[in-house]
Amino acid sequence: MMPKAVTEFKERKGDWILLPSGTEFYVLDPRAEEIHISDIAHNLANNCRFHGSCRKHYSVAEHSLYVAYLLRNEPIVKLEKQCRQEQSFQS
C-alpha cells in the first residue's frame, strides 16, 4: 500500500507553485483549503501596476483599495454591503 502523501500527489492534476504561506497550490486542481487571504494579499502587494512603468511602486493591492474607497458610495456597493449584512443576520 502506498503512503497517503504519494497517493494524494498522484491524484492531483498538473504542477504546483509554492505560495508565501508554504502551501503547494495546484493551479489546474485548486482546492478551497489551499487558498489563504494572506497569500493573495502578499502577491497583490508585490505585483506592480502598469508593469512597473511608474515613478514609484504602485501595487495592485494599493490600486484595489483606492478603487474600493472611490466606489464606497456607489449604489451597487451599498446594495452589496446591505446584502452581506442581511446574510450575517441569517447565519
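No lab work stands behind these numbers, since they all come straight from the coordinates. Predicted model, so just to flag it, every value in this text is computed and none were measured. For neighbour counting, all protein chains shown are included, and Cβ atoms are generated from backbone atoms with ideal geometry for every residue, glycine included.
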Worksheet item: Around ASN47, which amide H atoms from residues at least 5 apart in sequence, or from another chain, sit under 5 Å from its own amide H, with H modelled in the peptide plane?
Response: VAL60, ALA61
Item to complete: For every other residue with a beta carbon closer than 14 angstrom to the beta carbon of LEU79, add +1 if it is Lys or Arg and -1 if Asp or Glu, then tell me the sum.
Response: +1
Discussion item. Counting other beta carbons within 10 Å of each residue's own, what order do HIS57, HIS51 fall into, fewest first?
Written reply: HIS51, HIS57
Worksheet item: With a ≥ b ≥ c the root eigenvalues of the C-alpha gyration tensor of the chain, is it rounded (a/c under 1.5), prolate (a/b larger than b/c) or oblate?
Response: oblate
Worksheet entry | Karplus 3J(HN,Hα) series, Hz, for segment 64-71 with 6.51 cos²θ - 1.76 cosθ + 1.60 (x for Gly, Pro) | 4, 5, 4, 5, 4, 5, 5, 8
Worksheet item: Using alpha carbons only, how many degrees (0 to 90, rounded to 10) separate the axis of helix 37-46 from the longest principal axis of the chain?
Response: 70
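Excluding CYS48 itself, what net charge comes from residues whose Cβ is under 12 Å from its Cβ, given Lys and Arg +1 and Asp and Glu -1? Write down the numbers at each step before the final one.
Values: positive: ARG49, ARG55, LYS56; negative: GLU62.
Net charge around CYS48: +2.
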Item to complete: Under 19 Å Cα to Cα from LYS78, which aspartates and glutamates show up? Leave out anything in the same chain fewer than 8 places away.
Response: GLU86
Worksheet item: Considering the zone a paramagnetic label at ILE17 would reach in this model (a point 7 Å from Cα along the Cα-to-Cβ line), which residues of segment 25-41 have amide N under 11 Å from it?
Response: 25-28, 40
Worksheet item: Hey, what angle do you get for helix 75-90 against the long axis of the chain, alpha-carbon based, 0 to 90 degrees rounded to 10?
Response: 60
Worksheet, complete the sentence: Placing each pseudo-label 7 Å from Cα in the direction of the beta carbon, ASN43 and SER64 end up separated by a distance in nanometres of 1.0
